[in-house]
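Data first, discussion second: the structure below is written as structure tokens.
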Amino acid sequence: MKTPLTTALLLCALTLPSVADEALKPHELRKLAPGRYSVSVMGLVNMTVSLRPNGVITGVTSKGKRDTGYWLVKGNSFCVSWNRWLGGKRRCANLSGGNGTYSGGGLWLQRI
């Protein structure tokens, strides 16, 4: 069962613009998969996320909550559609960074 706080944080994180560096280009975003990442959502929710090249995403929070869904690249944005989290709605964020560390829209990702 999702908590209102987790849902709100994930919703905010994927709708805030990235202001730090230049956003990754579509071909750079696609190179994130396959990959497994430690993800922090606004520093409040921590989770492990796995991206598959076929667009499938799986996530497990530090409290053991699990969900699956789909990821895709739309323009210069990385988009996620979880099955349960975020009410199943697609949320997108511009990511910047490199060398296994990426951030944007309240998200911080570290390849593990």
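Observations on the structure shown:
- Length added when fully stretched, LYS25-ARG66, from 0.36 nm per residue minus Cα-Cα: 11.9 nm
- For the stretch 36-112, the set of trypsin sites (Lys or Arg not before Pro) satisfying both a DSSP loop assignment and a count of at most 10 other C-beta atoms within 10 Å is given as LYS63.
- Applying the Karplus relation 6.51 cos²θ - 1.76 cosθ + 1.60 with θ = phi - 60° to the stretch 92-99 yields 3J(HN,Hα) values of 10, 8, 7, 10, 10, x, x, 6 Hz, where x marks Gly and Pro.
FYI, it's all coordinate maths here, none of it is from the lab. Bear in mind the structure is a predicted one, so any value in this text is a computation, not a measurement. Counting neighbours? That spans all protein chains shown, and the Cβs are built from the backbone with ideal geometry, glycine included.
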